[in-house]
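Here the structure is laid out as structure tokens; the discussion comes afterwards.
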């Protein structure tokens, strides 16, 4: 018989499959297609560092990998249900986490591709004129102080729960160090976003600020999510609610995805970005590039 | 307020930076006391070397157009408006032209002038 405690996990895991391997990838693909349709290479050649064929292939591969992962997710869920039906055992907490890590592979691949395209864009930028704003950028220009304060309070709250659970020794110090390292990593990305090299050589200052704002906020949301997760784990231990662990892990993965990618997709709207910078310098249309890889 | 540089222009990059910051002060685009971006930020944004921006900032500080406040960063000097209108290069050129003209009228040769300059600069 199916363990009723696991039933909620199936629903939550199903949402994880749908969210990370169907909903978000569909949103990303639609966005890519909209950009290519609304801002074609003939009118916006600077936007395309590679050929149209390469972009189409990228989209097809991204879609294919996500379809495979979607199928894999359903197979995994069926296997868990079957296993639960026969053994009534507890679900390993690492299952939703490991599957989530695999679900993130196409996104990471896309991110690496994006870096490569930006590099090619910078290489292809023949404009010898460079411009920069003379206003210093500061963290709190991009992040509300209240949100920053809230993230700190959540982190400290999670730490106090850890210390309450373990005392100030081995496990507690390990958990605290992991969270601190994670937050330091986020701080590094935030610093790099604010002060680092501009990836897109044509991007306007206004658009850059918009993108930095959303990225910084997303990372702080993820940091809050990490603290909540740690706190939830401690509460599970405290009240002996081990059966909730896989569900909490799956919800945590979904929260991270929402806070990072979901937030970026929602906040950075295509119509709000200035694509005129990708037009030819004299405004003329180019002949379309032949479709090739 | 935007800074625009041309990496292929004959004018050195640090001079372009200095001129534009001074121009911005004269035009009132940046007020005395206003903060300036960090060397790293400006260098990354303009895709130029940090040392180029550092040199420009150093010379602007020498001319009292900007002032450095340690870890807080660089700010526009309170007397920047007056100091931005003084072109030290122009003043040096004007003074030297007058001195060299006097030397030449007295019959001093070019190599004697060069050697004397060398000695003076070496001893300073």
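Data table
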| read-out | value |
| --- | --- |
| Residue match in region A:138-151 (condition: free of Cβ contacts under 8 Å to residues at least 24 places away in the same chain, touching a helix residue (DSSP H, G or I) at 6+ places or on another chain (Cβ under 7 Å) and more than 29 Å from residue A:67 (Cα to Cα)) | no |
| Selection status of residue A:66, at pLDDT below 90 and either within 24 Å of the chain's Cα centre (by Cα) or surrounded by 13 or more Cβ atoms within 10 Å (Cβ to Cβ) (or both) | no |
| From the options B:21, B:30, B:5, residue that is part of a loop (DSSP other than H, G, I, E, B), within 11 Å of chain A (Cβ to nearest Cβ) and touching a helix residue (DSSP H, G or I) at 6+ places or on another chain (Cβ under 9 Å) | B:30 |
| Considering residues of region B:56-75 that are outside any helix (DSSP H, G or I) and in contact (Cβ under 8 Å) with a residue 12 or more places away in the chain only, the residue nearest to the other protein chains (Cβ to nearest Cβ) | B:73 |
| Check on residue B:38, in contact with a strand residue (DSSP E or B) (Cβ under 6 Å, 6 or more places away or on another chain) and within 14 Å of chain A (Cβ to nearest Cβ) | no |
| Selection from region B:41-55 of residues that are crowded, with 17+ Cβ neighbours inside 10 Å and either part of a loop (DSSP other than H, G, I, E, B) or within 12 Å of another protein chain (Cβ to nearest Cβ) (or both) | B:41, B:42, B:43, B:44, B:45, B:46, B:48, B:52, B:53 |
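Let's see how each residue does on (1) more than 14 Å from chain B (Cβ to nearest Cβ); (2) exposed (fewer than 13 other Cβ atoms within 10 Å of the Cβ):
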| residue | (1), (2) |
| --- | --- |
| A:111 | yes, yes |
| A:118 | no, no |
| A:121 | no, no |
| A:135 | no, no |
| A:159 | yes, no |
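The values are calculated or read from the model by the stated rules, or taken from the named source; none is laboratory data. What you are looking at is a predicted structure, and each value in this text was computed from that prediction instead of being measured. Cβ sites come from the backbone with ideal geometry, for glycine too, and all protein chains shown count toward neighbours.
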